[in-house]
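Notes follow once the structure below has been shown.
The values are calculated or read from the model by the stated rules, or taken from the named source; none is laboratory data. All values reported here derive from a predicted model rather than from experimental measurement. FYI the Cβ positions are ideal-geometry reconstructions off the backbone, even for glycines, and counts take in every protein chain you see.
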Amino acid sequence: MEYVHIGSLMIAVVIIGLLYWLKYYHDLNASLKTDRYRIPKITPFTFGMVLLLISLISVATYSLIRVNALENENGILMKELEFERFDDGDFPNGYFKKVYEEHNMYFSGFYLDDNGHYILCLTSDVPSDLTDYLTSGDVQFIKVPFSYAQLKEVFKIIGMNIQEYNFISVALNMRDNTVRVTIIDDSIDLSYIQSYIDEGIVTVRIGEEVVFVNE
């Protein structure tokens with residue numbers, strides 16, 4: 001429960017306790033003016049303790065529910081961070097699969113261009129014998145600065161702290177060879193990832209909330 005809500009609850013408890021205290025002594029004074037003494041059975045102290053106990057139980061219950069929800073949310077996030085999208089072997093052709101399995105240090109994913117062609121992304125240090133092999137197979141490829149392994153590592157680091165940083169989402173962008181971070185507005189502190197931005201492996205956009213996904 002947020003501190004504002006807890007503070008509001010405590011203020012409400014104090015106000016209710018004070019009102020009961022006033023009513024209790026009002027009724028007590030009224031009864032003393034008559035022949036019959038009818039003192040309320042529940043004293044202000046007892047009423048206050050009961051009210052405080054109920055409040056504490058409410059806060060504890062809400063906290064437990066919140067903690068359980070955060071644990072479930074964290075579990076989903078960790079599954080997403082550990083997800084390896086290429087391990088299922090779903091590649092457009094055998095050339096892409098071979099590069100991923102046998103030359104993974106040069107592999108940086110692939111994407112479908114505007115003409116409906118799959119483009120393989122390779123790091124700039126890819127050896128010429130591999131590019132010759134791909135060319136012979138009529139495979140379209142481009143050279144990019146970062147490998148998929150590098151992108152994935154940054155993706156995981158930012159993703160594990162996405163709530164702390166107040167980012168909306170983080171996603172892998174194969175076409176741009178970057179990890180794309182989405183923020184709600186330009187007031188968000190980006191100092192935590194400034195080194196990645198300077199390096200060029202992270203790009204930032206301002207937009208509406210989107211789901212946490214790989215692209």
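Quick look at the values:
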read-out: Close pairs (6 angstrom Cβ cut-off, 6 or more residues apart or separate chains): within 18 Å of residue 110 (Cα to Cα) in the stretch 152-179, at pLDDT below 85 and not hydrophobic (A, V, I, L, M, F, W, C) anywhere; value: 171/215; 172/214; 172/215; 173/215
read-out: Matching option when the condition is touching a strand residue (DSSP E or B) at 6+ places or on another chain (Cβ under 7 Å), surrounded by 15 or more Cβ atoms within 10 Å (Cβ to Cβ), at pLDDT 95 or above and not in a loop (DSSP other than H, G, I, E, B), among 151, 122; value: 122
read-out: Checking residue 135 against (1) without any contact (Cβ under 8 Å) to a residue 12 or more places away in the chain; (2) under 20 Å from residue 178 (Cβ atoms), the condition it does not meet; value: (2)
read-out: Residue among 184, 162, 142, 157 that alone is surrounded by fewer than 20 Cβ atoms within 10 Å (Cβ to Cβ) and modelled with pLDDT of 95 or more; value: 142
read-out: Considering residues of the stretch 175-200 that are of a type in the set (D, E, K, R) and in contact with a Ser or Thr (Cβ under 8 Å, 6 or more places away or on another chain) only, the residue nearest to residue 144 (Cα to Cα); value: 176
read-out: Residue in the stretch 131-138 that is in the same structural domain as residue 99 (by TED's automatic domain parsing) and touching a strand residue (DSSP E or B) at 6+ places or on another chain (Cβ under 6 Å) present; value: yes
